[in-house]
Amino acid sequence: MTADVYTGKHRREGALGAQGAPGTPGTGIPAQGKPPWSKAGRLLAAQIVVIAKEPYPGRVKTRLTPPFTPVEAAELAAASLSDTLAAVAATTVARRVVALDGSPGRWLPQGFDVIGQRGAGLDERIAWALADARVTLPLPVVLIGMDTPQVTPGLLAAAAEPLVSRSADATFGMAEDGGFWLLGLREVDPGLILGVPMSQPDTGPKQLARLEQAGLRVTMLPQLTDVDTVREAEIVAAVTPGSRFAACMARMREPADQAIAAAQ
């Protein structure tokens with residue numbers, strides 16, 4: 001690796017602000033200039049893992065059908081995944097990984113390592129994706145899913161930096177539906193995740209409690225809406241104009257809008 005690796009030595013102390021905007025007190029981002037980890041050629045000594053399913057019809061985003069067909073739901077999943085991977089690709093970290101259920105496709109950009117998922121339930125797949133990434137590269141790991149296409153490089157860097165600087169042992173982002181969209185760990189212990197009931201209205205609070213009960217110092221990230229339902233898809237599309245996901249939603253909605261207009 002020829003680039004310098006930022007290890008947190010020049011971090012400004014404080015907790016992450018609500019939006020992580022430049023100049024927000026406690027973000028480590030000065031009002032003028034760029035944060036230390038964003039300087040050209042300087043990488044955060046961390047890795048980001050995207051846990052994802054191959055966007056194959058009938059296997060992804062099944063709660064979007066109806067009103068969308070399985071093919072349309074898969075197209076929305078592919079758009080969400082593409083936006084997510086683009087944000088990860090633009091984040092200045094040492095390594096980018098996709099923990100994949102399925103086979104890579106044209107949606108996978110260059111610069112990502114691919115590892116297979118293992119385990120039965122989602123708790124196992126998350127735990128082993130974190131562990132497998134950490135064992136092959138001993139750096140802090142930030143894990144996200146494929147269903148928050150509104151995620152930005154700034155949010156991802158803000159999740160990794162406290163782990164690199166050792167000001168936090170974990171970083172965590174709650175989801176609007178009660179789950180979580182991000183989990184970062186400085187040291188990976190599968191026991192921190194295994195057994196946490198997933199896909200429940202209180203999954204996020206229970207996972208956070210597990211981290212805190214282990215005595216970890218946790219830095220919280222902003223709450224995001226992940227895409228599982230049509231309502232959530234519409235919310236996310238509205239806040240991401242210009243994204244692949246928003247464009248895909250508009251294309252899917254066009255026939256329905258035309259039908260409503262014709263009936264009026």
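Being in contact with a Ser or Thr (Cβ under 9 Å, 6 or more places away or on another chain) and surrounded by fewer than 15 Cβ atoms within 10 Å (Cβ to Cβ) is the filter here; which residues of the range 186-206 pass it?
197, the sole residue that qualifies.
Can you confirm whether residue 153 is surrounded by fewer than 23 Cβ atoms within 10 Å (Cβ to Cβ), more than 13 Å from residue 185 (Cα to Cα) and either within 16 Å of the chain's Cα centre (by Cα) or free of Cβ contacts under 8 Å to residues at least 24 places away in the same chain (or both)?
Numbers: surrounded by fewer than 23 Cβ atoms within 10 Å (Cβ to Cβ): yes; more than 13 Å from residue 185 (Cα to Cα): yes; either within 16 Å of the chain's Cα centre (by Cα) or free of Cβ contacts under 8 Å to residues at least 24 places away in the same chain (or both): yes.
Taking the combined requirement at face value, the residue satisfies it.
Check off (1) part of a loop (DSSP other than H, G, I, E, B); (2) closer than 28 Å to residue 64 by Cβ; (3) not basic (Lys, Arg) for residue 204 and give me the number that stays unchecked.
Every condition holds for residue 204 apart from (1).
Please give the number of the condition residue 167 fails out of (1) modelled with pLDDT of 95 or more; (2) more than 27 Å from residue 93 (Cβ to Cβ); (3) open to solvent by 30 Å² or more (accessible area, probe 1.4 Å); (4) not in a helix (DSSP H, G or I).
(2)
Give the range 230-249 a look and list any residue that's of a type in the set (Lys, Arg) and free of Cβ contacts under 8 Å to residues at least 12 places away in the same chain, or say none. Show your work before the answer.
Going through the range 230-249, the residues of a type in the set (Lys, Arg) turn out to be 231, 244.
231 - this is the single residue of the range 230-249 that is of a type in the set (Lys, Arg) and free of Cβ contacts under 8 Å to residues at least 12 places away in the same chain.
Whether any residue in the range 130-148 is in contact with a helix residue (DSSP H, G or I) (Cβ under 7 Å, 6 or more places away or on another chain), open to solvent by less than 50 Å² (accessible area, probe 1.4 Å) and of a type in the set (Lys, Arg) is what I want to check.
Checked the range 130-148: no residue is in contact with a helix residue (DSSP H, G or I) (Cβ under 7 Å, 6 or more places away or on another chain), open to solvent by less than 50 Å² (accessible area, probe 1.4 Å) and of a type in the set (Lys, Arg).
Of the numbered conditions (1) within 11 Å of residue 50 (Cα to Cα); (2) open to solvent by less than 40 Å² (accessible area, probe 1.4 Å); (3) not in a loop (DSSP other than H, G, I, E, B), residue 114 fails exactly one; give the number of that condition.
(2)
The values are calculated or read from the model by the stated rules, or taken from the named source; none is laboratory data. Keep in mind that this is a model prediction, so the values were computed, not measured. Heads up, the Cβs are rebuilt from the backbone with ideal geometry, glycines too, and the neighbour counts pull from every protein chain shown. With ligands, DNA and RNA removed, areas are computed over all heavy atoms of the protein, side chains included. Shrake-Rupley method; radii C 1.70, N 1.55, O 1.52, S 1.80 Å.
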